[in-house]
Amino acid sequence: MRCRHKMTWRIALAAVVSLAWTSTVIASSAQTLDRGEINGTIRDESGAVLPGVAVTLRETKTGFERNTVSAAAGQYSGLLLPLGVYVVRAELPGFSVAKSDPLALTVGQALVVNLVMKVAAVTETVEVSAAPGNTAPALGTVIDDKAIVSLPINGRDYRDVALLSPTARSIAGTRGTLRVAGQPGDYLALNVDGADFTNNFFGEFFGSLETKNFTIPLEAVQEFEVSAGGLGAQSGRSNGGLVNVVTKSGSNEKHGSLAYFLRHHGLAANDAFGNPPTGLVRHAGGGSFGGPLAASRAFYFVAADIQRQTTPITVKFARSVAGVAVPELGIADLGALQGQYSRHEDVTTILVKVDDMVTTNNRLSVRTNFTRNRGDNTAGGSLILSRARSNLESFHNQGVSTVASLSSSLGPRVFLETKFQVSGETRPRERQATTPQVLISDTGTFGGSASLPSTQDMYRYQASENIGYLHGKHTFKTGVDYDGFNMRKNSFALALNGAYTFPTLAAFIQRQASLYSQNFGLNGHSAQDAALLRSFWQHEVAGYMQDQFRPTSRLTINVGLRYDAQVNPQPQAGTAGVNVPVGPPVIVGNHVQLTYAPVPQGIPHDTNEWGPRGDFAYDLRGDGSTMLKSSAGFYHGRTPMIYFPLRGSGVSNTTLVAAPSQFGVTFPNILPSAIVPGSALARLLGPPAIQYVDPDFRNPRVLQVSASVTRSLIVGMSVEAGYMFSDSQNLRIGGYRSTLWDRNLAPPTEFDQFGRGMNILAAGRPDTTITQANALTSLGYGRYHALLVTLRKSLHNNWQFYANYTLAKSTGNGSTERDTEALLGPSDPFNPAADYGINELDERHEFKSYFVVTLPRGIALASTWSAGSGLAFPVYSPKDLNGDGMTNSGLHPDRPVVDGQLLPRFPFHQPGFFTWDFRAAKGLGLGRLGRAQLILEIFNLLKNANEYADPRTQAILGSPNFRVNNQTLGPRLAQLGVRLDF
């Protein structure tokens, strides 16, 4: 059964730094979202601390200054600092002025700058040389704008570079976000300029349905951080992974850039299956411009990116359909639906940012960005499809986000940051055919999409306040946050025009459908009316406290506590039924004990999310060359609202999923969209199916523990080795059509040799007023172990290098992402623990690297490498083995038996892959006009096949295409570009 860890709290000790008494700089996690901080100790030549020293932190490009005074222990801190290049200056009567070298402060970083002041009879300035330490967070990566504009990026999207971070993974051909730290992408947090940039309903990023719909101009990204562990108490609404993006600001110098890239089918090879790149054309470009509105006081920055792309997609069914006719739909030959077609993807995004030093102690920043994405023949990013064009969609997304922040200092000890965000986006999505959807499980899909049409208008209103207070050796931080998400005009119904499922091509030829699906209106509602949701809100509030304590010059300790509360919207109509199981089943031998309760009518709020966290960092040698770090903490994710039955269920609407023979519908006919009580159709269809949320449902909770050691090798180069462990509880099981869990089933009386219940539906349904009762529960759990090694060389002597290797294992009992290739609910509806084992996130080996070098004569070379051993691969049963009537998108979740052995959920892995992307650039001086670059980029330089199998058609045991590769990561292709910096 479910493994629960009975612990009320675990304090983690996480990491920052300290140094020796000589002037040195070390970097560690500042645990802020879009700011950094600079700390240190001031001493005299004898090593005695110096209180009362006037310390000035000055950003060299904008003239921004933060003034503070060293405390009794000689320590000083500058909190909530905007990113940039800083010089630290210390002054005290009777001592010479001490000043550091210029030092870059990056996102989420705490620089520790210790200064030594000399006694002086006359005033003089002593320049203190400081060597920066490791600037990346523990078990994470910071990538700055120099790397972003220098690396080959297959699309002007910073998220492509984010995939070079340890544990970061995307899923080819789906719409999901990134997976980080062994956690499902549904729960990843993305913050841009310290504000929430996720979509609460879909669990995706703001303004981005397809994986290549970028929403922020590449030229506007100053840097971003991908953190796999050790997040401070200020970070929330995530299972432990975080992507932090900070946009650029203007400076005292006018500067700008223009870039254009051309991709053409004449520069691309055939893919691994011989499909030519016919019609491939992409025009992509962008630019930026920034400068002062008032010198050293107010600045502006503007950036834009535009893409106009036509991409060939190949429709190829998993089995040969030549000669198979569908006269009912006017199709003479299904084979004619195959071939190459054009997909259009047009993207426009604009960003404007203004910064103003309102007063000496108050800095105001306002950023607005606009994004618009238009496309047709879209299907989650795949280029080889087993779906005909009729089953694809036309997509239009448009959004605006505005963030305003005010950073203030109230004297040398108190620092404030106030932040507001307002954003909105609209997502009308249209189907490309109105005929019923036809899914042939071992072949492919055609007809109008069962998920469309749909539309959503979504708005976010966020306000936060962060406070920092310095007291002796302590730095206290606290803050509060409100995040409101509002949806309007939300229409999201399934199978309004019907959907047929056939288990095999042979069954389709005989017109022997196994399932028919359609959404109906009930009790006077039409299906369309019941599918339209009124305006609803999700409210989230959070607060945190954190203390950073430096007991010695070598040891830094952080202890924090975060609290989150989530108030969920409620269904707009009731849910049918009398009694259903709630809570976890209890199994003793072959006896199943269920707890029954009245059908839940609401969606539980989650108001008990406490997240104690802590970390420590220890300077082993006292010179900053060897750092020991460790962290631990609890993190709570946010469950996407798409899983919630917000329309109600079985009262105003119901979705039928049953064999068509039960109610006499024949292909390609559909039933009326509304059911009149007492009608012949109502009697024929019988009771409705429902969806409900278990009253004990909670957001995911993860205990994450990490430890690492970092060793400096040469100037600017370091190696880090670490271990990460995550224990995940309250993961979602059920609640979505690809991972259904029907609980309106009587405990079995028959069992097979593995103890699984058999012929389950034969015992009838306990609640006869309904059919299926699909539950949304938080009974999933999992574990993740990872060993990580990272080698990084910061930009020095015209070259930089980064590489990481991860050895990992991921296990779980039955929770999968929404947008995934693993269409699995529980194989045993009475024992979700029976499925514990390797899960969909498992990939044992990953290697990622990049290299940038500038050579004489203006030549610059760059490469990225990525390799992996392949993700876990499931197996689907072609039959309903246990007789529970369950299918997920036409596939049975039952675990087959092969050679007398019960197969696990994921008995195989996909093939390994390797890609090498290359960039060469030639710089040309243009005098007063600036500098130009001519650019050649080649992706998949070695033309690796990188084939894999799509489980949605290739994982059915016994099918002739079982585990036959039918997808590829992409062919070798090149693009030409030109860039101008001025």
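The set of residues in segment 512-523 being assigned to a loop (DSSP other than H, G, I, E, B), in contact (Cβ under 8 Å) with a residue 12 or more places away in the chain and touching a strand residue (DSSP E or B) at 6+ places or on another chain (Cβ under 8 Å) consists of Ala513, Ser514.
Please specify each residue of segment 710-742 satisfying the condition of being crowded, with 21+ Cβ neighbours inside 10 Å, assigned to a strand (DSSP E or B) and among the β-branched types (Val, Ile, Thr). Residues satisfying the conditions are Thr710, Ile733. Tallying residues that are under 30 Å from Leu329 (Cα atoms) and either surrounded by fewer than 20 Cβ atoms within 10 Å (Cβ to Cβ) or in contact with a helix residue (DSSP H, G or I) (Cβ under 7 Å, 6 or more places away or on another chain) (or both) within segment 395-439 yields 8. Which residues, taken from segment 158-177, are at pLDDT 85 or above and assigned to a loop (DSSP other than H, G, I, E, B)? Within segment 158-177, Leu163, Leu164, Ser165, Pro166, Thr167, Ala168 meet the criteria. Looking at segment 892-924, which of the residues that are touching a Pro at 6+ places or on another chain (Cβ under 9 Å) and assigned to a strand (DSSP E or B) is modelled with the lowest pLDDT? Filtering first and then ranking leaves His892.
Listed here are the residues, each with its yes/no results for (1) at positive phi; (2) in the same structural domain as Lys848 (by TED's automatic domain parsing).
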{"residue": "Pro893", "(1), (2)": "no, no"}
{"residue": "Pro907", "(1), (2)": "no, yes"}
{"residue": "Asp917", "(1), (2)": "no, yes"}
{"residue": "Leu929", "(1), (2)": "no, yes"}
{"residue": "Leu934", "(1), (2)": "no, yes"}
{"residue": "Asn940", "(1), (2)": "yes, yes"}
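Counting only residues that are free of Cβ contacts under 8 Å to residues at least 60 places away in the same chain and basic (Lys, Arg), segment 885-912 holds 0 of them.
In summary, strands (runs of 3 or more DSSP E) completely within segment 572-683 and bearing 1 or more residues that are within 32 Å of the chain's Cα centre (by Cα) and more than 17 Å from Ser778 (Cα to Cα) occur at 606-619, 626-636, 653-658.
Confirm whether Ser889 is of a type outside the set (D, E, K, R) and either closer than 25 Å to Thr501 by Cβ or in contact with a Pro (Cβ under 6 Å, 6 or more places away or on another chain) (or both). In short, yes. Restricted to segment 237-303, the set of strands (runs of 3 or more DSSP E) holding at least 2 residues that are modelled with pLDDT of 95 or more and in contact with a Pro (Cβ under 9 Å, 6 or more places away or on another chain) comprises 255-268, 281-294.
Within segment 838-845, one or more residues are closer than 17 Å to Leu163 by Cβ and surrounded by fewer than 22 Cβ atoms within 10 Å (Cβ to Cβ). Among residues of segment 444-460 being part of a loop (DSSP other than H, G, I, E, B) and under 28 Å from the mean Cα position of the chain (by Cα), the one that is surrounded by the fewest Cβ atoms within 10 Å (Cβ to Cβ) is Ser451. A single member of Phe395, Phe420, Phe446, Phe415 is among the aromatic types (Phe, Trp, Tyr), closer than 30 Å to Asp547 by Cβ and touching a residue at least 60 places away in the same chain (Cβ under 8 Å), and it is Phe415. Among the residues of segment 562-593, those that are more than 30 Å from Gly633 (Cβ to Cβ) and either among the polar types (S, T, N, Q) or in contact with a Lys or Arg (Cβ under 8 Å, 6 or more places away or on another chain) (or both) comprise Gln570, Pro571, Gln572, Ala573, Thr575, Asn579, Val580, Pro581, Asn590, Gln593.
The values are calculated or read from the model by the stated rules, or taken from the named source; none is laboratory data. All values derive from a computational prediction rather than experimental measurement. For neighbour counting, all protein chains shown are included, and Cβ atoms are generated from backbone atoms with ideal geometry for every residue, glycine included.
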